[in-house]
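The structure under discussion appears below in the form of structure tokens.
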Amino acid sequence: MNAKGLVHKYGDNVDTDVIIPARYLNIADKKELATHCMEDIDTNFVKVVNQGDVMVGGLNFGCGSSREHAPMVIKESGISCVIAKTFARIFYRNAINIGLAILECPEASEGIDAGDEVAVDFDTGVITNLTKNETYQASPFPEFIKEIIQAGGLMASIKKGGN
């Protein structure tokens, strides 16, 4: 299980209302909802994001409300992995629940810039900045979390007979 793509970078305290503004939460279709991902802080995000791209944040990424819409629209927009210095705990769990790979790595958050190409090896936790030829070490996922993410989320994992 790996990820590789261009980086979309944001700062500290990116809250769930910025990731997906509450005014759109009445939209039931996930793909349509994802067209509003990050629009209050980055109007170009949905125009330039590609399948497999990587999002990088600072401290406390995903703070705010407990809604699962935030990690879901990030995943639906094409992002394969979010790397941050730290995540709000409820966002972290919601991301795993919906099958969005996330890694805490302060060094990667500091060293990676918007537009860099990054590769992530989830088995080892190694994050490689291909643009700068630098590597960073995050903690790899435990096997049960890898299984949840590979299955596409907690409910899909349960249906398959996993954790």
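The values are calculated or read from the model by the stated rules, or taken from the named source; none is laboratory data. Computed from a prediction, not measured in an experiment: that's the story for all the values here. So basically every Cβ, Gly included, is an ideal-geometry build from the backbone, and we count neighbours across all protein chains shown. Just the protein is used for accessible areas: all its heavy atoms, side chains included, with ligands, DNA and RNA removed. Shrake-Rupley method; radii C 1.70, N 1.55, O 1.52, S 1.80 Å.
Before moving on, here are some points about what is shown:
- Restricting attention to the stretch 76-98 and to residues that are under 16 Å from S66 (Cα atoms) and small (G, A, S), the residue that is nearest to the chain's Cα centre (by Cα) turns out to be A95.
- Residue check for G99: at positive phi and small (G, A, S): yes
- Some residue of the stretch 150-160 being open to solvent by less than 10 Å² (accessible area, probe 1.4 Å), closer than 23 Å to K30 by Cβ and either touching a Ser or Thr at 6+ places or on another chain (Cβ under 7 Å) or among the β-branched types (V, I, T) (or both): no
- A single entry from V46, V82, V18 fulfils the requirement of being assigned to a helix (DSSP H, G or I), crowded, with 18+ Cβ neighbours inside 10 Å and free of Cβ contacts under 8 Å to residues at least 60 places away in the same chain: V18.
- Subset of the stretch 21-35 (residues that are among the small types (G, A, S) and assigned to a loop (DSSP other than H, G, I, E, B)): A28
- The listed residues are M55, M72, M38, and the only one of them that is buried (at least 19 other Cβ atoms within 10 Å of the Cβ), part of a helix (DSSP H, G or I) and not basic (K, R) turns out to be M72.
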